[in-house]
Amino acid sequence: MRLIITALLASLLADIAQAEPPHLRDRETGKYLGNLSANPYDPNSVNNPYGQYGSQYSPDSVNNPYGQYGSQYSNDSANNPYATNAPGIYGGDGYSY
């Protein structure tokens with residue numbers, strides 16, 4: 001009985017440990033725009049100031065104030081409160097939040 005409980009617990013913990021963080025995508029094109037991890041060393045995190053999706057100079061970053069996804073004037077921007085195509089937040093299962 002202990003072996004079964006241990007195996008079930010290990011299985012559940014393995015699923016939790018491998019869960020992917022939510023990520024951003026362009027709602028119209030489906031273009032990946034980085035994940036919402038707080039880890040500044042994750043190469044795909046929007047919180048990595050040197051990464052493709054977190055740099056203030058990258059065209060794919062929501063942190064670029066002059067880029068398509070970071071400008072306060074762009075219709076595709078996360079920083080424009082009036083944007084009609086702001087990036088969507090998606091879970092690891094692919095469903096939008």
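Each reported figure results from applying straightforward, stated rules to the coordinates on display, with no laboratory input. Everything numeric in this text was worked out from a predicted model, so none of it was measured. Heads up, the Cβs are rebuilt from the backbone with ideal geometry, glycines too, and the neighbour counts pull from every protein chain shown.
The figures follow:
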{"quantity": "Cβ-placed point charges (K, R +1; D, E -1), dipole of the range 20-91 about Cα centre in debye, nearest 20", "calculated": "60"}
{"quantity": "Proximal charge balance of Ser96 [Cβ under 9 Å; K/R count +1, D/E count -1]", "calculated": "+2"}
{"quantity": "Amide H contacts of Arg27 (H built 1.01 Å from N, under 5 Å, at least 5 apart or other chain)", "calculated": "Gly88"}
{"quantity": "Amide H partners (placed H, <5 Å) of Gly34, local residues excluded", "calculated": "Leu24"}
{"quantity": "Summed residue charge, Cβ within 15 Å of Ser61's Cβ, Lys/Arg positive, Asp/Glu negative", "calculated": "-2"}
{"quantity": "Sorted peptide list for 71-81, 85-95, criterion being average Cβ within 10 angstrom, highest first", "calculated": "71-81, 85-95"}
{"quantity": "Sum of side-chain charges, Pro21 neighbourhood, beta-carbon under 13 Å (Lys, Arg +1; Asp, Glu -1)", "calculated": "-3"}
